[in-house]
1. Between the stretch B:252-275 and the stretch A:145-206, what is the C-alpha centre distance in whole Å?
2. In deg cm²/dmol, rounded to 500, what helix-only [θ] at 222 nm does chain B give when every DSSP H run of at least 4 residues adds -39500 (n - 2.57) and the total is split over its residues?
3. Distance cut-off 26 Å, Cα to Cα: go down the list A:Lys123/B:Lys18; A:Lys123/A:Lys249; A:Lys59/B:Lys149; A:Lys245/B:Lys18; A:Lys175/A:Lys199 and report the pairs above it.
4. Order A:Asp76, A:Asp58 by their accessible area, 1.4 angstrom probe, all chains in place, largest first.
5. If I take R0 = 45 Å and measure r between the Cβ atoms of A:Ile6 and A:Leu92 in this structure, what FRET efficiency does the formula 1/(1 + (r/R0)^6) give, to the nearest 0.05?
6. Between B:Trp59 and A:Arg124, how high is the FRET efficiency from 1/(1 + (r/R0)^6) when r is the Cβ-Cβ distance and R₀ = 35 Å? Nearest 0.05.
7. Could you grab the relative contact order for chain B? Cα pairs under 8 Å, six or more apart, rounded to a whole percent.
8. What does the charge add up to near B:Asp243, with Lys and Arg as +1, Asp and Glu as -1, over the other residues with Cβ less than 9 Å from its Cβ?
Amino acid sequence: MRNYIIRRTLNLLLVLFVVSILIFLLIRLAPGDPARVMAGEHASPEALAAMRKQWGLDKPLVEQYIIWLAHALRGDFGRSIQSHESVLRELLLRFPNTFELSLFAMIFAFLVGLPAGIVSAVKRYSIFDYGSMILALFGVSMPVFWLGIMLLLIFGIWLNWLPIGGRLSVYISLKPITHFYLIDSLIELNFPAFWDAIKHLILPSIALGTIPMAFIARITRSSMLDVLHQDYIRTARSKGLSESKIIRKHALRNALIPILTAAGTEFALLMGGAILTETVFSWPGIGTYIIQAVNARDYPAVQGSVIFVALLIAIVNLFVDIAYAYIDPRIHYK
Amino acid sequence: MRHYSFASDTMRSLRRNKAAMLGLIIIVLFVFMAIFADKIAPLNPLAQNLSNNLKPGFWAHNTKNLLGTDEFGRDLLSRIIFGSRISLTVGFIAVLIGVLLGATFGILAGFFGGWIDEVIMRTVDVMFSLPSILLAIVIVAVLGRGLDKAMIAIGITYAPQIARIVRSETLSVTNNEYVEAAKAIGTPSGTTMWKHILPNVLSPIIVYGTLSIGSAILDAAALGFLGLGAQPPTPEWGAMLADSFHSITGGYWWVETFPGIAIALTVLGFNLLGDGLRDAIDPRLRGKG
């Protein structure tokens with residue numbers, strides 16, 4: 001197991017290394033002088049000279065990469081052209097926002113997708129089965145941002161039940177400690193803020209969680225169908241176990257492996273969806289940061305964000321891989 | 001004895017699949033709409049009429065603008081009809097770019113193996129480690145915004161998956177005797193890949209290509225919505241949603257509803273057909289997922 005974790009971590013580092021090369025080349029591929037690209041269009045000649053010196057832009061490409069990598073390894077992705085702040089600092093400030101949203105989206109996806117998939121498999125070819133599979137198909141065919149807009153229109157504007165954007169209402173004050181608003185409001189025992197933050201989370205989480213939900217429902221259904229035909233299920237039935245116990249103890253546990261694998265890849269999808277959902281709901285997360293950076297041609301910010309997202313996804317996938325071993329004792333990593 | 005070809009076999013299996021047929025009908029309708037857009041569209045999709053802006057459609061007995069008008073008074077129905085031209089073209093071309101890149105690199109990796117395989121497949125791994133829309137956004141950041149750049153960006157993001165599939169098919173085809181025979185008589189590598197390997201790896205390319213058109217349309221709409229794809233006043237569905245986004249707070253729901261329905265329906269059509277094609281070509285996958 002330990003060797004496996006070490007091997008997977010090395011693999012993760014390799015992937016990140018190649019990502020870093022691609023992202024480094026990105027700035028060099030962008031039209032124009034790299035110093036100007038990194039310092040912004042309106043940079044003074046002094047700022048350009050400083051930029052050349054700091055990042056070794058007059059040196060050969062390989063040397064430039066080594067300088068850049070040395071900076072990146074220390075967490076220095078440069079300064080944002082727009083805000084002049086450290087890119088890593090800005091990303092870390094926004095990370096809790098995106099994380100909170102993704103977590104809620106994933107909870108929604110599992111809460112709805114898992115039972116829907118199980119019932120579809122157990123009551124195969126029933127109206128429920130067809131209904132939920134058709135809904136799942138619609139779920140993956142819908143643009144995530146459009147679903148967000150529709151939710152916003154119905155629940156935010158027509159029914160006026162939920163807020164239409166942002167993380168907190170303007171009249172609520174909350175001192176950020178961890179920047180996870182739910183946690184911060186609980187620490188401060190600020191229940192109005194807690195409730196307000198939850199209300200702001202509902203619509204974007206549903207919008208972001210719908211596609212993963214549809215995938216989870218489809219995978220749960222097919223995985224459960226595979227398992228339900230196994231001999232040990234027949235054995236469990238023949239010894240007179242109740243159907244609910246068979247499903248909970250025997251079928252679901254074995255069907256979980258492919259569901260979990262999918263959840264790992266779902267995370268990458270989720271990060272992609274977050275960019276769009278955050279734009280619709282004016283959510284101040286990493287997604288909106290990337291879009292603002294791209295629109296402003298803020299290359300250091302784009303570079304830093306992409307590496308940050310790649311690192312997040314790689315870490316999540318590593319955890320998912322390790323979690324297998326705990327769920328399925330048959331898996332032994334050599 | 002009757003002879004069944006691969007194509008006729010696939011078609012027969014596809015015809016029995018009602019969902020796939022529904023998908024095909026949806027696609028044919030949208031393709032028809034795209035081809036005859038200038039004949040079907042009731043009005044000019046770009047003609048502005050500011051005195052007639054944000055008017056509701058048939059539900060308010062508006063017979064001139066059946067789906068209402070947008071904030072510049074343009075006819076929504078005509079814009080959606082013309083939009084089908086853009087979305088379908090973008091979907092097809094982006095996937096074509098992805099297929100060309102992916103198939104080329106996949107065959108090269110599978111045929112030559114060794115370090116070529118290593119370099120190509122590690123790059124593929126990396127591209128997989130990023131969400132495709134993020135990758136597309138980054139590519140657009142370098143190339144600049146616009147519909148043509150968006151197509152290239154989306155095409156590039158589809159290449160890794162195709163490369164992976166084609167590589168594994170190539171590996172199994174390369175071990176066949178006819179490929180070894182071709183190598184033995186000294187056929188140049190390029191000719192072997194073109195004449196003996198490519199025709200035998202085509203079916204997964206077709207399936208994956210069809211499945212991808214739907215997502216490519218979604219991605220193009222997403223880039224359009226983010227302002228990185230089609231630029232105004234182009235009637236691209238995603239860009240239409242972005243242009244009128246601020247109007248929904250005024251309750252003008254139609255400007256945000258109908259373009260979205262058009263996207264969802266088209267993508268649904270391709271997903272249904274793609275699933276059916278996959279089942280028809282690869283019986284092992286039947287009933288899964």
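1. Here the two parts' Cα centres lie 29 Å apart.
2. After summing the helix terms and dividing by the residues of chain B, the value is -22500 deg cm²/dmol.
3. A:Lys59/B:Lys149; A:Lys245/B:Lys18
4. Descending accessible area places them as A:Asp58, A:Asp76.
5. Plugging the Cβ-Cβ distance into 1/(1 + (r/R0)^6) gives 0.95.
6. So the FRET efficiency works out to roughly 0.30.
7. Answer for chain B is 25 percent.
8. Spelling it out: positives minus negatives among the neighbours equals -2.
The values are calculated or read from the model by the stated rules, or taken from the named source; none is laboratory data. Everything numeric in this text was worked out from a predicted model, so none of it was measured. Ideal geometry is used to build each Cβ from the backbone, glycine not excepted, and the neighbour counts take in all protein chains shown. All accessible areas refer to the heavy atoms of the entire protein, side chains included, with ligands and DNA or RNA removed. Shrake-Rupley method; radii C 1.70, N 1.55, O 1.52, S 1.80 Å.
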